[in-house]
1. Identify the single condition in (1) closer than 25 Å to residue 51 by Cβ; (2) buried (at least 24 other Cβ atoms within 10 Å of the Cβ) that residue 383 does not satisfy, given that it satisfies every other one.
2. Can you pull out the residues in region 242-255 that are in contact with a Ser or Thr (Cβ under 7 Å, 6 or more places away or on another chain) and either away from the ligand (no atom under 16 Å from the Cβ) or at pLDDT below 95 (or both)?
3. Among the residues of region 289-314 satisfying the criterion of being in a loop (DSSP other than H, G, I, E, B), farther than 29 Å from residue 274 by Cα and open to solvent by 10 Å² or more (accessible area, probe 1.4 Å), which is farthest from the ligand (Cβ to nearest atom)?
4. Name the one entry in 231, 279, 271 that is crowded, with 19+ Cβ neighbours inside 10 Å and not basic (Lys, Arg).
5. Please work out if residue 36 is over 29 Å from the mean Cα position of the chain (by Cα), of a type outside the set (A, V, I, L, M) and open to solvent by 60 Å² or more (accessible area, probe 1.4 Å).
6. When region 133-146 is examined, which residues are found to be open to solvent by 30 Å² or more (accessible area, probe 1.4 Å) and small (Gly, Ala, Ser)?
7. Within region 103-119, restricting attention to residues that are open to solvent by less than 50 Å² (accessible area, probe 1.4 Å) and of a type in the set (Ser, Thr, Tyr), which residue is nearest to the ligand (Cβ to nearest atom)?
8. Do we have residue 206 as assigned to a helix (DSSP H, G or I), more than 14 Å from the ligand (Cβ to nearest atom) and not polar (S, T, N, Q) here?
Amino acid sequence: MKRYEALAADVEESIRTGVLRPGDRLASVRHTSTSRGVSASTVFQAYYLLEARGLIRARERSGYYVAGDIRKVPPEPDLTSQPKDESIALDVSERVFEILESSMTRDVVPFGSAFPSPLLFPLARLGQAMAASAQSLDPWSTVDDLTPGNAALRRQIALRYLADGMHVHTDEIVITNGALEALTLCLAAVARPGDSVVVESPTFYASLQALERIGVQAIEVPTHPREGIDLTALEHAIARHKPKACWLMTTFQNPLGGLMPEPKKKALVELLALHQIPLIEDDVYAELYFGDKRPAPAKAFDTQGLVLHCSSFSKCLAPGYRIGWAAPGRFTRAVARQKLTTTLSASAPAQLALATYLERGGFDKHLRKLRRTLAEQQATFAQAVGHYFPAGTRATRPAGGYFLWVELPEGTDALAIHRQALALGISVAPGPIFSATRAFTNCLRLNYGHAWDARAEQAIATLGRLAQAHGPSHADVSL
Ligand SMILES: Cc1ncc(COP(=O)(O)O)c(C=O)c1O
């Protein structure tokens, strides 16, 4: 735990146990810095975190106060999942489409969506960059920007790796149509039909669909909601099933939101290196951290070129531009060839627009605001779940991203909740779509990346009633 997190945890404990009460003024930053022997910026970070969790509020020129309307947040789930130890031929795609297609309309409350609100992005500045790029586009860019992609954009991406202390060469970066394409190209570069690939349990449904599409089997490995895939279980799965690759998220995993601690990421990379197994690392949420710095990906610990790192601008900057990339280590040539033989290249104007936006500066300022908004929305959302959902509900509190994984009391029927909620204009992502065996029948993934308002609060209240109605006792609750 970092210093500011430890300080925030102590203050939170004082609030929860009633030592600090609603309306009480917190000790000043200077006083706390002296009494705890930490820097003023550590105290500020702790106070920002508590503010984002809805526990304290700043009053202008007066300091920080304990919030007056603290609602309880649900406890976090703490048990590692227990999928069967088997390699599974997948048959999930149709069902995932059926469930998700019905939610893909802007008229429903988008708790089931995989996207944050499109209004959270710097659309005007992106538009200016797009206009400038369209006007100045070199006619030869249709040739120059073919895979591996626009050189200026690849340089900007390499610079962002460098800012995090990682040396990823521009030549290693292959620009793609979003992260999903990067991931599927990497998969095609390392696995063939009939092979098996390790995934988390639960896992992002699109990874199961991608495996199914090319006839690759899934090995679901036990995963802890906060700390990620279980390495002992992974070692066992490697020995038993001889997977061709792992497809994992070590940072803000979708759907759990877990963040694997850095030493564990290192141990994961070492374990896979020992068996020469490539790791396809999906890192699309890494920029959306609520702490003080971007968590290092597993790629940061790779010394053998075995990690194929994939990300995009879809979740943090420019959703509709469909620009992502892979940094596939020793598989770079194979991935570039996959790209050339499938979709040839990403759109030249969109690549140049993002390069232009990044060169002009302002991305980090936008990200700081976005992270703060998401952290605040998470706090409000978690408190609403605590308030409206049945007793026994648990929910993750990810340190980044925009998903809460909600575990309802055992026996609750998440698919029934999904169906009935949709009829009432509310989408949710039910647990079974995140599993090859349709497990997690009592779980929901909820998206808090959209503005919190009266409609959202009403929708959470409705979901709470539905959860009660479809709970283990199937109480007769009028909606
Ligand atoms: C975990 C995860 N990976 C990849 C993607 C796809 O990213 P992109 O939109 O950049 O293709 C998503 C989008 O929902 C996602 O949630």
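1. (2)
2. Step one: list which residues in region 242-255 are in contact with a Ser or Thr (Cβ under 7 Å, 6 or more places away or on another chain), which gives 243-244, 247.
Those that are in contact with a Ser or Thr (Cβ under 7 Å, 6 or more places away or on another chain) and either away from the ligand (no atom under 16 Å from the Cβ) or at pLDDT below 95 (or both): 243, 244.
3. First, the residues of region 289-314 that are in a loop (DSSP other than H, G, I, E, B): 290-297, 302-306, 313-314.
Filter again for farther than 29 Å from residue 274 by Cα, leaving 290-293, 313-314.
Narrowing further to those that are open to solvent by 10 Å² or more (accessible area, probe 1.4 Å): 290-293.
Numbers: 290: 18, 291: 20, 292: 23, 293: 21 Å.
Across region 289-314, the extreme among qualifying residues is 292.
4. Details: 231 fails: crowded, with 19+ Cβ neighbours inside 10 Å; 271 fails: crowded, with 19+ Cβ neighbours inside 10 Å.
Unique residue meeting the criteria: 279.
5. On the way: over 29 Å from the mean Cα position of the chain (by Cα): yes; of a type outside the set (A, V, I, L, M): yes; open to solvent by 60 Å² or more (accessible area, probe 1.4 Å): yes.
Answer is yes for this residue.
6. Our first condition is that a residue be open to solvent by 30 Å² or more (accessible area, probe 1.4 Å); within region 133-146, this holds for 134-140, 142-144, 146.
134, 136 - these are the residues of region 133-146 that are open to solvent by 30 Å² or more (accessible area, probe 1.4 Å) and small (Gly, Ala, Ser).
7. Residues of region 103-119 open to solvent by less than 50 Å² (accessible area, probe 1.4 Å): 103, 108-114, 116-117.
Of the ones still in play, those that are also of a type in the set (Ser, Thr, Tyr) are 103, 113, 117.
Numbers: 103: 13, 113: 9, 117: 14 Å.
Per the criteria, the residue is 113.
8. Values: assigned to a helix (DSSP H, G or I): yes; more than 14 Å from the ligand (Cβ to nearest atom): no; not polar (S, T, N, Q): yes.
Spelling it out, it is not the case that residue 206 is assigned to a helix (DSSP H, G or I), more than 14 Å from the ligand (Cβ to nearest atom) and not polar (S, T, N, Q).
The values are calculated or read from the model by the stated rules, or taken from the named source; none is laboratory data. Note that the structure is predicted; figures quoted are calculated from it, not measured. Glycine gets a Cβ as well: all are built from the backbone with ideal geometry, and neighbour counts include every protein chain shown. Side chains included, ligands, DNA and RNA excluded: accessible areas come from the protein's heavy atoms. Shrake-Rupley method; radii C 1.70, N 1.55, O 1.52, S 1.80 Å.
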